[in-house]
Amino acid sequence: MNAEIELENSYCARNYHPLPVVLTRGSGVWVWDVDGRKYLDMMSAYSAVSHGHCHPRLVNVVQQQVAKLNIVSRAFHSDTLGPFLKRACELTGQDRGLPMNTGAEAVETAIKAARKWAYQVKGVAAGQAEIIACSGNFHGRTIAVVAMSDEPQYQSGFGPFPPGFKLVDYGDIGALERAITRNTAAFLVEPIQGEGGIIIPPDGYLRACQDLCRRHNVLLIADEIQTGLGRTGKFLACEHEGVVPDGLVLGKALGGGIMPVSLFLARREVMDVFTPGDHGSTFGGNPLSAAIGLESLNVLVEEKLAEASAEQGKYLLERLQALRSPLIADVRGRGLFIGIEIDPAQARARRVCEELMRRGLLSKETHETVVRLAPPLVIDRSQIDWAVAQIDEVLKMLERIRMAS
Ligand SMILES: *Cc1c(COP(=O)(O)O)cnc(C)c1O
């Protein structure tokens, strides 16, 4: 085993099960291990690296800003936060943004905003506000956020949890309607469930959620931390159905593959429930993060990465759907956000990922049965062709092993 892996295993908490590869360098869709082997990154850090590794424009902005001013806290203003939030609002149709760092913090911020809005604006009785989320959701790992999860492992051993959350079946508009009460503050939803296994709800679902929420004076909050910023072939996945949510959570790719940068964005009426001292973060919205966030948005727009995701994603999906393997139970996706469901009776998704790694393609299983393919949005057609050839070879090899056993 690599000395690096042994060292990490000795000192690092065991809260992940990484593939046995030690990376040291990245550029665009490629990463290199410590032995100089090159890999195509089809995971892009759970979509945090949509721009590709070390995008030259982003590296340049970091280098300029890092030598100038980095951290001031929100005790003072900076000259980069305003331009970043203005651009984020323009691109998302929202009025104001509250900057945080990680995705989970921005989700917590959304929950706080929704609860306070329910008490101050909607008139819900003190302590009664409810948030509705979906079965199979993933919104992060803090205590309040895992309180919304129905994945036993995310909660096991970590209780007690704060109350005030309800779950409804994902994709079931009737279930949402039945769950709404006069105490409902918000419905929090991922337009496509990423960690849940690239689960795409029925057409028209989000639109119907928006109509239902409007009718009942409930906030629709979209967690687009993973689906946003071009991943599904539109700037926001909500745009596939012409939906503009009342609150929007962004993270991952917002940091340009360099820094944790997250935002909760909302209509003025929602965001204005926050007053000085209510909520905050020492690092949220710092000058370096804001400069990176602004450039990451500008690169997405100017390099037309959402359009590229739509076009290349369609091509990759068609190529994968044309593979005839008994190991594949399903292939689904939108844009460059694709899951290959492996029939668990035939092979484990983890094994598929390990074999792909040996051939120089990096991906990761989710929910034990799904191989996730979410490469940087700068991937080109020849790289996709190469990836599909590797996947085809690995599936054929595992099929042969299965037949022989
Ligand atoms: C990754 C993710 C989060 C959590 O983001 P962190 O930066 O890991 O805290 C929340 N929601 C969704 C949909 C995600 O994919």
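The values are calculated or read from the model by the stated rules, or taken from the named source; none is laboratory data. Because the structure is a prediction, the values reported are computed rather than measured. We place every Cβ from the backbone using ideal geometry, glycine too, and count neighbours over all the protein chains shown.
Mind checking which pairs have a first residue in region 83-102 that is closer than 11 Å to ALA266 by Cβ and hydrophobic (A, V, I, L, M, F, W, C) and a second that is in a helix (DSSP H, G or I) and away from the ligand (no atom under 16 Å from the Cβ), Cβ under 7 Å, 6 or more apart or different chains? These pairs meet every condition: LEU98/MET271.
Those residues that are assigned to a strand (DSSP E or B) and within 14 Å of the ligand (Cβ to nearest atom), I need them from region 255-270; list them, please. SER262, LEU263, PHE264, listed by residue number. In region 304-324, the residues that are without any contact (Cβ under 8 Å) to a residue 24 or more places away in the chain reach residues that are among the β-branched types (Val, Ile, Thr) with C-beta atoms within less than 6 angstrom, at least six apart or across chains, in these pairs: LEU317/ILE338; GLN321/VAL331.
Among the helices (runs of 4 or more DSSP H) contained in region 99-175, which hold 3 or more residues that are surrounded by fewer than 20 Cβ atoms within 10 Å (Cβ to Cβ)? Talk me through it step by step, then tell me what you get.
Numbers: elements: 103-117, 143-146, 152-155.
In region 99-175, the matching helices (runs of 4 or more DSSP H) lie at 152-155.
Taking the options GLY277, GLY284, GLY333, name whichever one is in contact with a helix residue (DSSP H, G or I) (Cβ under 9 Å, 6 or more places away or on another chain) and over 30 Å from ASP203 (Cβ atoms).
Numbers: GLY277 fails: in contact with a helix residue (DSSP H, G or I) (Cβ under 9 Å, 6 or more places away or on another chain); GLY333 fails: over 30 Å from ASP203 (Cβ atoms).
None of the others qualify; the one that does is GLY284.
Residues in region 199-251 that are under 22 Å from ARG178 (Cα atoms), within 16 Å of the ligand (Cβ to nearest atom) and polar (S, T, N, Q): there are none. For region 93-122, a residue qualifies if it is of a type in the set (Ser, Thr, Tyr) and more than 16 Å from the ligand (Cβ to nearest atom), and exactly one does: TYR119. When region 307-320 is examined, which residues are found to be under 19 Å from the mean Cα position of the chain (by Cα) and either crowded, with 23+ Cβ neighbours inside 10 Å or farther than 19 Å from GLY52 by Cα (or both)? Those that are under 19 Å from the mean Cα position of the chain (by Cα) and either crowded, with 23+ Cβ neighbours inside 10 Å or farther than 19 Å from GLY52 by Cα (or both): SER309, GLY313. Give the number of residues within region 11-66 that are among the β-branched types (Val, Ile, Thr) and within 16 Å of the ligand (Cβ to nearest atom). Adding up the residues that qualify gives 1.
Table: residues versus (1) of a type in the set (A, V, I, L, M); (2) over 23 Å from VAL370 (Cα atoms); (3) part of a loop (DSSP other than H, G, I, E, B); (4) at pLDDT below 95.
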{"position": "THR181", "(1), (2), (3), (4)": "no, yes, yes, no"}
{"position": "ASP203", "(1), (2), (3), (4)": "no, no, yes, no"}
{"position": "CYS213", "(1), (2), (3), (4)": "no, yes, no, no"}
{"position": "LEU220", "(1), (2), (3), (4)": "yes, yes, no, no"}
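Considering only residues in region 181-198 that are over 28 Å from ALA329 (Cβ atoms) and either under 24 Å from the mean Cα position of the chain (by Cα) or surrounded by fewer than 20 Cβ atoms within 10 Å (Cβ to Cβ) (or both), the one that is nearest to the ligand (Cβ to nearest atom) turns out to be LEU188.
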